[in-house]
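Data block below; observations after.
The values are calculated or read from the model by the stated rules, or taken from the named source; none is laboratory data. Please read all numbers here as calculations on a predicted model, not as lab measurements. Here the Cβ is made from the backbone with ideal geometry for all residues, glycine too, and neighbour counts use every protein chain on show.
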Amino acid sequence: MTAASDAAEERRRLLGDDVIAHIHAVVEAAPPPPPQVIEELRSILTSPIKKRTKSAHPRRAA
C-alpha cells in the first residue's frame, strides 16, 4: 500500500462511507473558484516562502 492509500483508508475508517459520500457531494456541488483565487493559489504554491501582506488580499483590505 502507498502512503496515499493508507491515508484514504484511515479517513474512511474514521469518518465512515456516508460522511465521505456527503463530502464528495458537497464538493461536487460547489461552484468553481474565481480566476483571481486560482492565480493567488498558483502564486502561493509556486513561491511559498514569499511573504504576503494582509493588504494584498482584497477581502482582507479594509
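Could you tell me whether segment 48-56 includes any residue that is at pLDDT 95 or above, within 16 Å of the chain's Cα centre (by Cα) and closer than 27 Å to ALA7 by Cα?
no
What pairs can you find where one residue is in segment 21-49 and charged (D, E, K, R) and part of a helix (DSSP H, G or I), the other is surrounded by 10 or more Cβ atoms within 10 Å (Cβ to Cβ) and at pLDDT below 95, and their Cβ atoms are less than 9 Å apart, with a gap of 6+ or different chains?
What qualifies is GLU40/ARG52; GLU40/ALA56; GLU40/HIS57.
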